[in-house]
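To start, the structure under review is shown below, and the notes come after it.
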Amino acid sequence: MIHLVSFRPGVVGNNTAFEAQALIYKYLQEHYGYVFTIVKSETDNYHDPAFKTVSIPKKVWQGSLNPLVLAKWSWNHKDLDQIFAEADGILTVDPTVYPQGFLAIEYAYRSKKPVWFDASLTVLETPQNLNWRLKRRFFFRKALHQTTRIIVTVPKCIERFQSLGLFDEIIAPKFTIMGHPVDTKTFIPQPKRSEQDGILRVLVISRMVPEKGLLYILEAMTPLLQLRRNLQLQFLGSGSMRSLLEAEVIERGLSENVVLLNPIPHSEIPDILGGADLFVNHAVSIAHWEEYFGVVNLEAMSCGLPCVLTRCGGISYAIREKDVAVFVEERNIIQLREAITRLVDSEPERCKIGKKAHDYVKDYYALSVISEKYHRMLQLKIRSMTI
């Protein structure tokens, strides 16, 4: 039995990206007898009966978030001491984004335990001041040298470390490209609601923020929605742009054709995807953000939906086979409208792309595929330490 601690205070939560990670943990528990303990902050909204969960006060992990104090820092929290002492290895978060990862990496190094952290960000502002060059980068580099493996979603994550000056011959072989898993037994093709009522549904699932390109989607589809009464655009999500979208829908006279759905639990997403005819995600790159991976795109593809996407950030690696999705240029409303129109007009084309999309996700991102790769990565180090 292998006992691993996932140290994620201040990061873990229900209905977040961590649930994809939790799928891997559950698979490893079921198939290989792993035991996982999740360490969260007392304020984190996370619960899953599949795991032992330990809540710790903020003062236990927040007091040492500045990497510059690590030279004077010592581990003196008895509760955490016991949790980590019983573990065969530690999983944690990217210290260049979440400094609490330093705590887990430092403890693992001192206790000679393997430690892995996962990183998904593909863009991060590079500080150029003297403090960064002479101090902070030193501590980041030291932490990466002490880390067993660095789990990234796409190669662009590795490029970010390079842009931060955190890539050398010691760090380079630590990277493992893993990707997010998709539960292909839950995200499955279903009968379309349009088969009953004749309304074609174009679905967008996204945070409602400018970088998700929602206004480009609305602009591209406005002429189609004005001309075709059997076409419906659905936005599912929440965020700062929701009120603007609502106002734009009213201004354009599209209240009967555009539906803004409220957020729902992740467990209900398969039914929403399954009933739609077409999925659109128009993420656009801005100064300090681009799409990290786009797991919702793969969930839509797993449901057999044809997807119209941009190549923003990590998407171009996550979806890297021909004809499994339709790509358009960022902010190119004409291309976006033409792509949507072509698919709306052709059920055979939608079915053809949707079938290829479903098969692609099963081959590359099925839960079993990613989990087995994760298992091999963990075993490689754990076995070497027991020899």
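The values are calculated or read from the model by the stated rules, or taken from the named source; none is laboratory data. Please read these numbers as outputs of a predicted model, since none were measured by experiment. Cβ coordinates were reconstructed from backbone atoms using ideal geometry, including for glycine residues, and neighbour counts include every protein chain displayed. Side chains are part of the model used for accessible areas, which takes the heavy atoms of the whole protein and leaves out ligands, DNA and RNA. Shrake-Rupley method; radii C 1.70, N 1.55, O 1.52, S 1.80 Å.
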Quiz prompt | For the chain: relative contact order, % (alpha-carbon pairs under 8 angstrom, 6 or more apart) | solution = 15
Exercise. Would you tell me the accessible area of His145, worked out with a 1.4 angstrom probe on the heavy atoms of the protein chains, in Å² to the nearest 10?
Key: 70
Exercise. Rounded to whole Hz and in sequence order, give me ³J(HN,Hα) for segment 214-227 from the Karplus expression 6.51 cos²θ - 1.76 cosθ + 1.60, θ = phi - 60°, writing x for Gly and Pro.
Key: 5, 5, 5, 5, 4, 5, 5, 8, 3, x, 5, 5, 6, 9
Quiz item: Whose amide H sits under 5 Å from the amide H of Ala283, counting only residues 5 or more places off or on another chain, with H placed in the peptide plane?
Solution: Thr310
Exercise. Return the long-range amide H neighbours of Val35 (sequence gap of 5 or more, or a different chain), with a cut-off of under 5 Å between placed amide H atoms.
Key: Ile2, His3, Leu4
Quiz item: Which entries in Lys52/Lys373; Lys26/Lys185; Lys112/Lys381 show an alpha-carbon gap greater than 18 Å?
Solution: Lys52/Lys373
Practice problem: Using θ = phi - 60° and the Karplus relation 6.51 cos²θ - 1.76 cosθ + 1.60, list the HN-Hα couplings for segment 22-33 in order, rounded to whole Hz, with x at every Gly or Pro. | Solution: 4, 4, 5, 4, 5, 4, 5, 5, 6, 9, 10, x
Quiz item: Where does the chain land at 222 nm, in deg cm²/dmol rounded to the nearest 500, when only DSSP H runs of n ≥ 4 count, each adding -39500 (n - 2.57), divided by all residues?
Solution: -12000 deg cm²/dmol
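Heavy-atom accessible area per residue, the chain, 1.4 Å probe: how many Å²?
Details: 17420 Å² over 387 residues.
That works out to 45 Å² for each residue.
Loop-only check: which GluC sites (Glu not before Pro) in segment 160-218 are DSSP coil with at most 15 other Cβ within 10 angstrom?
Of the GluC sites (Glu not before Pro), the ones in loops of segment 160-218 whose Cβ has at most 15 other Cβ atoms within 10 Å are Glu169.
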Practice problem: Scan around Thr92 for amide H atoms under 5 Å from its own, H built in the peptide plane at 1.01 Å from N, and keep only partners 5 or more places away or cross-chain. | Solution: Phe7, Trp116, Phe117, Asp118
Quiz prompt | Karplus 3J(HN,Hα) series, Hz, for segment 102-114 with 6.51 cos²θ - 1.76 cosθ + 1.60 (x for Gly, Pro) | solution = 4, 4, 5, 5, 5, 5, 4, 5, 5, 9, 6, 10, x
Quiz item: Given the pairs Lys113/Lys174; Lys192/Lys356; Lys40/Lys156, which span a C-alpha to C-alpha distance of over 25 angstrom in this model?
Solution: Lys40/Lys156
Quiz prompt | Calculated Rg and Dmax of the Cα atoms in Å (choose from [x] 22.4, 70; [y] 21.5, 71; [z] 21.5, 79), label | solution = [x]
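Ignoring ligands, DNA and RNA, what percent of the 1.4 Å accessible area of segment 238-379 is carbon and sulfur?
Values: 3060 of 6030 Å².
Result for segment 238-379: 51 percent of the exposed heavy-atom area is carbon or sulfur.
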Self-check item: Cα convex hull volume per residue for segment 240-387 (Å³)
Solution: 167
Quiz prompt | Nearest-10 value in Å² for the accessible area of Arg342, using the 1.4 Å probe | solution = 120
Quiz item: Which angle from 0 to 90°, rounded to the nearest 10, does the C-alpha axis of helix 137-146 make with the longest principal axis of the chain?
Solution: 80
